[in-house]
1. So which residues in the range 165-188 are open to solvent by 50 Å² or more (accessible area, probe 1.4 Å), of a type outside the set (Asp, Glu) and at pLDDT 85 or above, if there are any at all?
2. For the range 126-142, indicate whether the set of residues that are under 13 Å from the mean Cα position of the chain (by Cα), more than 30 Å from Leu25 (Cβ to Cβ), modelled with pLDDT of 75 or more and assigned to a helix (DSSP H, G or I) is non-empty.
3. Test of understanding: among Ala288, Ala253, which residue is among the aliphatic types (A, V, I, L, M), part of a helix (DSSP H, G or I), out of contact with any Lys or Arg (no Cβ under 6 Å at 6 or more places or on another chain) and at pLDDT 80 or above?
4. Examine the range 205-217 for a residue that is in contact with a Gly (Cβ under 7 Å, 6 or more places away or on another chain), at pLDDT 85 or above, surrounded by fewer than 20 Cβ atoms within 10 Å (Cβ to Cβ) and of a type in the set (A, V, I, L, M, F, W, C), and state whether such a residue exists.
5. Looking only at the range 70-89, decide whether some residue is modelled with pLDDT of 80 or more, assigned to a helix (DSSP H, G or I) and open to solvent by 60 Å² or more (accessible area, probe 1.4 Å).
6. Could you please find all residues in the range 218-249 being of a type outside the set (A, V, I, L, M, F, W, C), part of a helix (DSSP H, G or I) and open to solvent by less than 70 Å² (accessible area, probe 1.4 Å)?
7. Taking the range 1-15 as the region of interest, how many residues are among the hydrophobic types (A, V, I, L, M, F, W, C) and open to solvent by 10 Å² or more (accessible area, probe 1.4 Å)?
8. Among the residues of the range 26-39, write down those that are surrounded by 13 or more Cβ atoms within 10 Å (Cβ to Cβ) and in contact with a Ser or Thr (Cβ under 8 Å, 6 or more places away or on another chain).
Amino acid sequence: MSFRGNLQHLRATRNMTQEQLAMLLGVSRQSVTKWEAEKSYPEMDKLIKICQIFECSLDDLVQGDLTDRAPVPDAKAMPAGPATDVCGYDEHTRRFARRVPTGVAAFVLGVVGLVLFEEGTALRGLFNSGMAASWGELLGLGALFAGVLAGVGILVSAGMEHSAFVKAHPFIEDFYTDEDRLQARQVLVRGLVAGLMFIMMGILLGNFIEHQSGAEAPAGAALLALVAVGVWLIVYAGMMYGRVDINEYNRDAVEELEVEDIARIDVPETVRDELRLAKRMHKKIETACVVIMLVSTIFTLIWLFMGPSLAGTTWDAIGSGHAAADSPVSYFWLPLVIGGILCAIVSIVLKGIDGDR
């Protein structure tokens, strides 16, 4: 029995379509069609995956005869009908859409903790003596660092998990229905409306607290807390809507793949050439942004540490609060903002030049 016959038989025992097998292997449906038509042959990593899926040995799959093998009692058959989510894409993207805004919100909530322990606030008032006041300041910084660490941990782990998923499934057949897309649009609209409402509520509540009590810190904390909720809803809704665009996922997957990974994808040569061009463009943008942000960071550090001395301002004056509010050190962060804007401009320009070719 040939590999072609074994593969067709194994698919039949699981009620698995070519599209479903292709999704599990991270290839196009046309690739599986070519294998079963004996027009091409899968690479070794795909053969090993096939053996794992159907629980057989490589020798039996390639050279043996599996048509007489009794079906595995606990083998899970694939549902009949149109393409389905056989690789867990929907579950993964839903989890990813929850974790990313949670990481962003953690940063904002860390700032809320810092603001609540600012000098003059009720929480900071609990620490009146000199030693206790330093503890209050440390608690504020601890809240900030806790938010930053939580945000970084969530975002990095989510990014690594998503990168691993993309590398395992660089190509997915579109299985979403029109009803699924309609529901995603409804989630997007509801999320945007609810998110903007929370942000507006934060602005109004912050103004009300400041007007009633004259305290800026509680007003700022209330504003930031509601903004964190609004941002979470907006980002979540946007990612939930974006998940149903499988074509966009397949295009973006190239950014997670290396050039050698693209060479192993069993797709038409024209598609592979497009993926290589997209990867090269991504590398150019990535390199340009790294250089821009490196230069921006250098200027930021120079501005931060050399700016006061160049302007005749001492660090003692800054630490004691006698320096002017518009002293050079107050604006040391400007190069980072300018660098971020330049990165966006470079990305748009390079993509535009590439699109005109």
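1. Listed by number, the residues that qualify are Thr177, Arg181, Leu182, Gln183, Arg185, Gln186.
2. no
3. Among Ala288, Ala253, only Ala288 is among the aliphatic types (A, V, I, L, M), part of a helix (DSSP H, G or I), out of contact with any Lys or Arg (no Cβ under 6 Å at 6 or more places or on another chain) and at pLDDT 80 or above.
4. No, the range 205-217 contains no residue that is in contact with a Gly (Cβ under 7 Å, 6 or more places away or on another chain), at pLDDT 85 or above, surrounded by fewer than 20 Cβ atoms within 10 Å (Cβ to Cβ) and of a type in the set (A, V, I, L, M, F, W, C).
5. no
6. Pro218, Gly220, Gly230, Tyr236, Gly238, Gly242, Glu248, Tyr249
7. Count: 3.
8. Result: Ser31, Lys34.
The values are calculated or read from the model by the stated rules, or taken from the named source; none is laboratory data. Small disclaimer: the values here were computed from a predicted structure and weren't measured. Glycine gets a Cβ as well: all are built from the backbone with ideal geometry, and neighbour counts include every protein chain shown. Side chains are part of the model used for accessible areas, which takes the heavy atoms of the whole protein and leaves out ligands, DNA and RNA. Shrake-Rupley method; radii C 1.70, N 1.55, O 1.52, S 1.80 Å.
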